[in-house]
Amino acid sequence: MPTVQFTETVLRDANQSLIATRMPRTAFEGILGALDKAGYYSLECWGGATFDSCLRYLDEDPWERLRTIRKACPNSKLQMLLRGQNLLGYKHYPDDVVRLFVRKSVENGIDIIRIFDALNDPRNIEVAVDETLKSGAHASGTLCFTTSPIHTLESFAALAKQLEGMGAQSICVKDMAGIMGPQEAYDLVRAIKARVTVPVVVHTHSTTGLGFLTLLKSVEAGADVIDTAISAFSGGTSQPATETMAYALRQLGYTVPLDGGRLTEINDFFKPVQAAFLRDGTLNPTVLGTSPDCLIYQIPGGMLSNLVAQLTAQKKLDLLDQVLAETPKVRADLGYPPLVTPMSQMVGAQAASNVLQGERYKSVSKEVRSYVAGEYGRAPGDISPALRQKILGGKAPVTCRFADLLEPGVETARAELGDRAACDEDVLSYIAFPQQAEAYFEKRDAKKRNTVSYSLRRIDD
Ligand code: CO
């Protein structure tokens, strides 16, 4: 029977999905040694929302966090999630920024970069893949799973083939919403395996309760690596549990190269961490539950809770059914974008606006306008001609890769920062999250000044 490898998500996606990425470095430093020795294929530990959260909420230098993990885990492959041309944010960056960011990520310790685009537009993925390969790291070409009349097994398999052609050393199926059923996973992994020779990785969430079944059928179809989270940080909006999946696969005869003793040690470490987040309210027990509603509406859990919150705030929760009925219509008008951030928020907000205003597209957000203008990339299907006309008038949409229209950004940022930046990593933090980075630099400098005056005072004494 084949071997199944595991990627542990506790430091990134589990942390992001359950507690909005609020786990400080000090909460997990003590277990890095055991994580390093447990036999994982990789540790997903950086990128996604971790970077923003470090600067914005945790008073941490995200680069320092990465170097700490690197030092404590010399034997592990460290993995990050990268939103292609958008890096860790939602806007497109020029190529020089993308390349420097990738290079510095690898220099600071990243081994595997999982690269995706919200629209599955390969033009938004290829520069990051190219630089990952040039930096000597592993590029994992990623496709965002979604269902629509235009997304077929053939179209996904063709994209996988295209990503392999770019040089991707593995293909990841990313089911960010946890709505991929076991049969869909089985068929999709089979279709991709038939077209590519590189390993296939499957990523899902337990939101709808399908996670374990989806991973099992993925493995039966030949998936080489699956994403799981250590049980204390598993389930609900996070990933299925590592130990449970390892147990089930071993019982079925698969080889699982994980050390059970280490997994127990890791989970024992994270149990009180989970309990502390539950106590202080950071971990809301409702996110640990099962939400099959998301299957009925085929929308991610985060999008559903956003819609409920938005309508509740306007005392219009009675319109929820109408908004949920409008959502797939808006998505169709926009050419069936996958409902992943930022498209899920854009489609949801537009559907709510169409219902609340009693007229479709009476007002259209800046983001939806940019999307229709081609500034996010190529829509998977055709955008409704009437909507395009309404938003763009006679203006032609952008058809080239949007980043080709952007001026280089690294030198400008360097000049803006001057000596406030201590290194290229600082410049990249500033480009990614300018206000948060500047606030962080100020605090860091203030700390340094305090240390200096303190030591001077000691000399005076
Ligand atoms: Co995820």
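The values are calculated or read from the model by the stated rules, or taken from the named source; none is laboratory data. These numbers were taken from a predicted model, which means no experiment stands behind them. Positions of Cβ are backbone-derived with ideal geometry, glycine not excepted, and every protein chain shown enters the neighbour counts. Note: areas computed on protein heavy atoms with side chains; ligands, DNA, RNA excluded. Shrake-Rupley method; radii C 1.70, N 1.55, O 1.52, S 1.80 Å.
Tabulated data
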quantity: Considering residues of the stretch 62-82 that are in contact (Cβ under 8 Å) with a residue 60 or more places away in the chain and open to solvent by less than 20 Å² (accessible area, probe 1.4 Å) only, the residue farthest from the ligand (Cβ to nearest atom); calculated: TRP63
quantity: Count of residues meeting criterion [touching a helix residue (DSSP H, G or I) at 6+ places or on another chain (Cβ under 6 Å) and more than 13 Å from the ligand (Cβ to nearest atom)] in the stretch 12-30; calculated: 4
quantity: Filter pass, ALA386 being part of a helix (DSSP H, G or I), farther than 25 Å from TYR297 by Cα and open to solvent by 30 Å² or more (accessible area, probe 1.4 Å); calculated: yes
quantity: Condition met for GLY377 (open to solvent by 20 Å² or more (accessible area, probe 1.4 Å) and not assigned by TED's automatic domain parsing to the domain that holds THR142); calculated: no
quantity: Filtered residue count, the stretch 262-290, keeping only those that are surrounded by 19 or more Cβ atoms within 10 Å (Cβ to Cβ) and over 30 Å from GLY33 (Cα atoms); calculated: 0
quantity: Matching option when the condition is closer than 28 Å to LEU311 by Cβ, in contact (Cβ under 8 Å) with a residue 24 or more places away in the chain and out of contact with any Pro (no Cβ under 7 Å at 6 or more places or on another chain), among GLY377, GLY348, GLY358; calculated: GLY348
quantity: Residue among VAL173, VAL129, VAL102 that is crowded, with 17+ Cβ neighbours inside 10 Å, under 23 Å from GLU220 (Cβ atoms), among the β-branched types (Val, Ile, Thr) and within 20 Å of the chain's Cα centre (by Cα); calculated: VAL173
quantity: Segments classed as strands (runs of 3 or more DSSP E), wholly inside the stretch 141-258, with at least 2 members that are more than 13 Å from the ligand (Cβ to nearest atom); calculated: 170-174
quantity: Output for the stretch 1-49, where each listed residue is among the aromatic types (Phe, Trp, Tyr) and more than 20 Å from GLN274 (Cβ to Cβ); calculated: TYR41, TRP46
quantity: Subset of the stretch 286-337 [among the polar types (S, T, N, Q) and without any contact (Cβ under 8 Å) to a residue 60 or more places away in the chain]; calculated: THR286, SER305, ASN306, GLN310, THR312, GLN314, GLN322, THR327
quantity: Residue in the stretch 1-10 that is free of Cβ contacts under 8 Å to residues at least 60 places away in the same chain and either open to solvent by 10 Å² or more (accessible area, probe 1.4 Å) or within 16 Å of the ligand (Cβ to nearest atom) (or both) present; calculated: no
quantity: Matching residues in the stretch 141-170 - criterion: being crowded, with 19+ Cβ neighbours inside 10 Å and within 30 Å of PRO292 (Cα to Cα); calculated: GLY141, THR142, LEU143, CYS144, PHE145, THR146, HIS151, PHE156, ALA157, LEU159, ALA160
quantity: Test: TYR40 is away from the ligand (no atom under 15 Å from the Cβ) and closer than 23 Å to ALA246 by Cβ; calculated: yes
quantity: Hey, TYR57 surrounded by 22 or more Cβ atoms within 10 Å (Cβ to Cβ) and of a type in the set (Ser, Thr, Tyr) or not; calculated: no
quantity: Hits in the stretch 316-343 - residues which are part of a helix (DSSP H, G or I) and not hydrophobic (A, V, I, L, M, F, W, C); calculated: ASP318, ASP321, GLN322, GLU326, THR327, PRO328, LYS329, ARG331, ASP333
quantity: Enumerated helices (runs of 4 or more DSSP H) restricted to the stretch 1-117, each holding at least 1 residues that are among the aromatic types (Phe, Trp, Tyr); calculated: 25-28, 50-56, 62-72, 95-107
quantity: Hits in the stretch 217-246 - residues which are free of Cβ contacts under 8 Å to residues at least 40 places away in the same chain, under 28 Å from LEU163 (Cα atoms) and buried (at least 22 other Cβ atoms within 10 Å of the Cβ); calculated: LYS217, PRO240
quantity: Positions within the stretch 292-315 being open to solvent by less than 40 Å² (accessible area, probe 1.4 Å) and assigned to a loop (DSSP other than H, G, I, E, B), in sequence order; calculated: ILE299, PRO300
